[in-house]
Amino acid sequence: MHLPRSGVLLMLVLIVALAVGLFLSTQEHRLGSGVWPNYTLDVVQSIEITTRTEHYTLAKESSGWVVRIAGAEPDALPTPADKARIDTLLGAISHNRPTQSLDQVPESELAGYGFSEPSVRILLRPATLGLGDVLLSFGHEAPTGAALYAQSSLAPGAVFLLDASILHQIDKPSDHYFDYRLLDLHTDEAQHLTVSGATGTQWELERKDDSFVFLRPESLKGSTVSSSEVRLFLHNLTAITADSILTRNDRQPAGRPSFTLDILMAKATEPLRLEVFPQGETEQAFGRSTRHPAGFLLEGDKAKTLFRLAFDMQWRGVITYDSARVQSARIYSVMGNQTLVAEKSATGWEDREHGRKLAGLDLSLWRLKELRFEAEPVSKLGYPAVQRLALELFTKDAAVLTSFLFYSDPRLPPDQCWLKVGSEEMFYPVGNQIIEELQGYLPSRPVRPPGE
């Protein structure tokens with residue numbers, strides 16, 4: 001089979017294009033391998049960066065990576081650095097190798113390429129023996145705008161062309177590398193939590209095995225803490241970040257903090273501390289921590305999410321029963337005068353009287369067990385509270401396992417109702433979505449014929 005002449009030409013063009021691409025790629029690799037650094041985070045001791053507006057150093061110290069700003073006061077503390085962003089910087093340098101070399105350029109001509117006042121200078125100082133310091137200088141963009149002139153101390157006198165996009169990755173202010181986390185917290189290692197307000201200790205928790213118990217207030221001492229609330233509280237502490245980090249000690253507020261948190265970590269002798277001060281009329285609250293002793297500013301709504309009362313932390317479950325023993329249920333709507341008897345079978349829940357499958361009832365009963373009271377319970381209910389719904393759960397021999405009464409009350413928030421469990425004379429404010437959900441399983445009321 002003979003290819004047409006045009007097909008042969010097309011194939012030759014493709015072969016030449018592949019060969020050229022392979023040649024250029026190989027040339028670029030060879031060009032970059034000897035004159036451009038390929039340092040990773042584990043081998044670098046410091047990175048000194050000079051932009052047209054700043055001079056700062058990213059340094060690996062005993063406490064971890066920090067940012068040190070040139071010209072700061074002698075007693076200025078370094079700012080903790082975001083290690084991931086430093087890693088990204090090193091990756092940008094390593095992966096943006098020179099694509100072309102202009103070889104030796106006379107020193108008198110270097111200013112024309114922007115090297116008399118480089119846009120960015122980066123000095124890499126490795127800690128690993130056998131690796132030397134490398135100074136990189138980045139000058140003007142090439143006339144096309146697609147490339148950037150650069151120099152490397154590994155090839156003195158040479159001028160290289162790099163993809164111009166690297167400038168957006170390396171020309172960053174010092175605060176780009178700040179670690180904006182409030183604390184360096186590993187949530188699984190938290191052993192002891194103490195929250196204090198302006199008037200003293202609000203609550204105190206201690207880890208017991210995989211959960212926490214109250215030490216204070218005295219009224220809750222020894223009682224169970226909601227594991228999910230502790231996890232959420234600790235998660236918020238790791239997720240919430242400061243809006244800005246202060247690098248000088250001249251903005252320390254007067255007075256006592258409105259919120260103080262101490263967290264003792266496993267194997268630590270001193271706790272981590274976080275303090276938030278009264279916000280006043282400003283939009284941002286001042287805070288400081290063991291990680292940021294000079295302080296930070298935090299948007300007001302963020303600061304509010306840090307506050308938790310002892311009530312928020314306690315286990316607030318209302319309902320406990322053995323779900324495996326439930327074989328039937330009775331739902332009665334007082335206001336609608338509707339009744340449903342649901343029976344459990346091997347294939348799920350059924351309304352046998354009306355010949356209906358009740359998909360989702362298991363999920364509704366699970367949500368019922370997950371209800372938490374939203375405020376302190378009361379021992380009596382009066383007008384205008386009105387009973388809305390009754391639910392009874394039965395065992396295999398038709399004995400009542402437990403029962404629940406739900407009441408609406410305009411004095412409650414619009415998304416809450418009262419719940420009474422069994423014969424217990426206590427009414428708990430819980431979310432009222434469960435009423436609507438259970439009512440949804442009731443059979444439709446028959447429509448009365450006209451004239452009746």
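The values are calculated or read from the model by the stated rules, or taken from the named source; none is laboratory data. In this text the structure is predicted, and so the values were computed from the model without any measurement. In this analysis, Cβ positions are derived from the backbone assuming ideal geometry, glycine residues included, and neighbour counts consider all displayed protein chains. The protein model used for the area step is the full one, side chains on, heavy atoms only, and it has no ligands, DNA or RNA in it. Shrake-Rupley method; radii C 1.70, N 1.55, O 1.52, S 1.80 Å.
A few remarks follow.
- Every test in (1) modelled with pLDDT of 95 or more; (2) open to solvent by less than 80 Å² (accessible area, probe 1.4 Å); (3) in contact with a Ser or Thr (Cβ under 7 Å, 6 or more places away or on another chain) is passed by Asp82 save one, and that test is (3).
- Any chance Ser379 is among the small types (Gly, Ala, Ser), open to solvent by 40 Å² or more (accessible area, probe 1.4 Å) and more than 26 Å from Ser345 (Cβ to Cβ): yes
- Strands (runs of 3 or more DSSP E) lying entirely in region 207-300 (those with 1 or more residues that are in contact with a strand residue (DSSP E or B) (Cβ under 9 Å, 6 or more places away or on another chain) and of a type in the set (Phe, Trp, Tyr)): 211-216, 259-265, 284-289, 296-299
- Selection count, region 392-432, where residues are touching a residue at least 60 places away in the same chain (Cβ under 8 Å) and closer than 21 Å to Thr320 by Cβ: 13
- Filter pass, Leu110 being buried (at least 16 other Cβ atoms within 10 Å of the Cβ), assigned to a helix (DSSP H, G or I) and over 36 Å from the mean Cα position of the chain (by Cα): yes
- Looking only at region 429-446, and only at residues there that are within 24 Å of Leu340 (Cβ to Cβ) and under 34 Å from the mean Cα position of the chain (by Cα), the one that is surrounded by the most Cβ atoms within 10 Å (Cβ to Cβ): Val430
- Ser196 being more than 15 Å from Arg273 (Cα to Cα) and either outside any strand (DSSP E or B) or modelled with pLDDT of 85 or more (or both): no
- Cβ-Cβ under 7 Å pairs, at least 6 apart or on other chains, region 185-209 side under 17 Å from Thr290 (Cα atoms), far side assigned to a helix (DSSP H, G or I) and open to solvent by 20 Å² or more (accessible area, probe 1.4 Å): Leu185/Thr238; Thr187/His235; Thr187/Thr238
- Cβ-Cβ under 8 Å pairs, at least 6 apart or on other chains, region 333-360 side among the β-branched types (Val, Ile, Thr), far side open to solvent by less than 70 Å² (accessible area, probe 1.4 Å) and part of a loop (DSSP other than H, G, I, E, B): Thr339/Leu442
- Selected residue (criterion: farthest from the chain's Cα centre (by Cα)) from residues of region 319-341 that are farther than 13 Å from Leu438 by Cα and of a type in the set (Ser, Thr, Tyr): Ser328
- Qualifying residue in region 104-118 (condition: touching a Ser or Thr at 6+ places or on another chain (Cβ under 9 Å) and under 30 Å from Thr247 (Cα atoms)): yes
- The single condition among (1) surrounded by fewer than 18 Cβ atoms within 10 Å (Cβ to Cβ); (2) modelled with pLDDT of 95 or more; (3) of a type in the set (A, V, I, L, M, F, W, C); (4) in contact with a Leu (Cβ under 9 Å, 6 or more places away or on another chain) that Ala92 does not satisfy is (4).
- In region 342-373, the residues that are charged (D, E, K, R) and either under 39 Å from the mean Cα position of the chain (by Cα) or in a loop (DSSP other than H, G, I, E, B) (or both): Arg352, Glu353, Asp362, Arg367, Lys369, Glu370, Arg372
- Condition met for Ala329 (modelled with pLDDT of 90 or more, in a strand (DSSP E or B) and not polar (S, T, N, Q)): yes
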